[in-house]
Structures are given as C-alpha cells and as structure tokens.
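A short worksheet on the structure shown next.
The values are calculated or read from the model by the stated rules, or taken from the named source; none is laboratory data. Fair warning: this is a prediction, and the values are worked out from it, not measured in the lab. Using ideal geometry, Cβ is built from the backbone for each residue, glycine included, and neighbour counts are taken over all protein chains shown.
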C-alpha cells in the first residue's frame, strides 16, 4: 500500500500574473523534483476531484462560497483582496485544491493509503470562515479536518502548520472546536500579523523571531508542540506544509533549510505512529523560491514515505 500523491492540471490554470509569487510553476517544480528523486515511483497518483458545496460548508459559510463563485470573471481578473485575484479558472482550481484534501482524508481513513501529500494550489491557510486573503480562497486543511470529524466520525484531529506565515484562517475556523488541536510555528511580526495571542485553548501558536534558524525551531517544537500533541493523542494529523521559511525564500526570514523540514516531519510521523496509526495528510501551502521549495517538499515527502533512514 503506497502513500498517495494528489494534484490536478486545473491547479495550474489559476494565474495571478507574471510577477505574482504564487505561480503555477510551483507545482511543476515540486513534481519534477519528486520524479528526479524517484519518490513518485513510491506513491499512488490521484487526480483531485472538485470539492462540493457541502464539503466546503463544513469550514466556510454558504454565503461566502456562493459569493466567491459569483465573482469569477469571464475574462481577465478580479481582485479579491490586495494580494489575491481570480481569473476565469481560479474558482475551479480552488475547488480541486480543497477536493484533493478531502480525497486524501478518504484514502487515508479508508486504509487505501498510509498517508498523502497534496501538491495543490491555491493554498488555503489564510482563508477564513467567510473571507479570502493571502493568496487563499478555501481553507483546504480546515475542510479536510472537518471532513474527517463530521463524515468519518473521528474525535480528535491535529493540525500542524509550519508555514512562515501564521495560519490565521485556520485559527479563525477552528479555534472554538475542541476536537481539533492546532500547532503553528511562524515568523513573528510578519503577515498576517496575528497569532501571538491564541484565540482558543486548542491553539499552540509559537511565533519565532526573524533569523531564528533551525536550532530555535527544533527547541520550540520539542518544548511546545510535542507535549501538547502527546496529551491530545490525535487520530489523524493534517499538515499545512509551507516551505517559505527556507533561507533562500525572500517571503520570510526564518533561515530554515531542508534538514529542518525533514526533522519536523519526522516528529510529526512519530506522533502519528504512536497515536494515529501513522495517518498523515499533508497539504501544500507556501514556498515561492522554486528551487528551495522543490528541495524542501522532497525532503518532507521522503520522510512521509519512510525513506529517510
């Protein structure tokens, strides 16, 4: 039984302009690196379905979903927020991204894959209950978590977010849900300028100062995340996997390297093996320097596959 790799060509059609960092080439860079390293040979490949309105409504208001659908332009683009725009294909791409996360949960919880990596865009963790933002339309990870809880009947799901930016959207949607534990690590005083004061008791937010590097990251994960995860005993772990904290990525300034992402993934897999039958669903979030994004994602996937020993 091989881990799942989920993506879709529609995710490449969402385009916010030649100068926008959240570009279609991100997905190709990751897939090419996984091919070069032979990692895709060790995975089952799936096309992402479109998420349904019912699935999206587990994490978003129906009014918001329908309003967003009504904004799709026939041609050109329309601004959703100062950093985020839609072209005629963006809404379909967003449906595929959320649908990939739902399919990943289905495959893992039905025992058809031990874990899954969703190579998807647009990303999701800045999308709030009723608002887009930060390159995000639907909160893929939150949709996946609510699907696991409400459809599959799990009682405890953990969300791990290691993007350089705090997942304000995930916190907005999940901060009142005692079935969820969210562990987030992010650069302090960086967009979206939130997370320092957790909005609920189920939030473990760890802001790190700029230029922290891997040593402080590892110390913080060991001190704050791991004890909380051990107490919570998640039955499934969903990962918001952002790689923009890499030292080569100018979207942030944490100074991380591939080995740090591999180390974090090993900690996640350890918790998953102890409490969740090894079940992990990982969804791509940020990462904008194509080379470091591809290398970091490959390091992450290699650990998911159990090939890093």
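A few points about this structure:
- Given (1) assigned to a helix (DSSP H, G or I); (2) out of contact with any helix residue (DSSP H, G or I) (no Cβ under 9 Å at 6 or more places or on another chain), number of the condition residue 207 does not satisfy: (1)
- Unmet requirement for residue 149, which otherwise passes all of (1) under 29 Å from residue 42 (Cα atoms); (2) surrounded by 24 or more Cβ atoms within 10 Å (Cβ to Cβ); (3) touching a strand residue (DSSP E or B) at 6+ places or on another chain (Cβ under 9 Å): (2)
- When we screen 286, 306 for residues that are in a loop (DSSP other than H, G, I, E, B) and either in contact with a helix residue (DSSP H, G or I) (Cβ under 6 Å, 6 or more places away or on another chain) or crowded, with 20+ Cβ neighbours inside 10 Å (or both), the only hit is 286.
- Pick from the stretch 155-184, criterion touching a residue at least 60 places away in the same chain (Cβ under 8 Å) and part of a strand (DSSP E or B), ranking: nearest to residue 292 (Cα to Cα): 161
- Pairs, first in contact (Cβ under 8 Å) with a residue 24 or more places away in the chain and on the phi > 0 side of the Ramachandran plot in the stretch 229-241, second assigned to a strand (DSSP E or B) and surrounded by 24 or more Cβ atoms within 10 Å (Cβ to Cβ), C-beta under 7 Å, six or more apart: none
- Residue list for the stretch 227-249, filter: closer than 24 Å to residue 102 by Cα and outside any loop (DSSP other than H, G, I, E, B): 229, 232, 236, 237, 238, 239, 240, 241
- Filter result for residue 252 (part of a loop (DSSP other than H, G, I, E, B), surrounded by fewer than 20 Cβ atoms within 10 Å (Cβ to Cβ), more than 16 Å from the chain's Cα centre (by Cα) and touching a residue at least 12 places away in the same chain (Cβ under 8 Å)): no
- Number of residues in the stretch 1-14 that are modelled with pLDDT of 95 or more, part of a loop (DSSP other than H, G, I, E, B) and either touching a strand residue (DSSP E or B) at 6+ places or on another chain (Cβ under 9 Å) or surrounded by fewer than 15 Cβ atoms within 10 Å (Cβ to Cβ) (or both): the value is 4.
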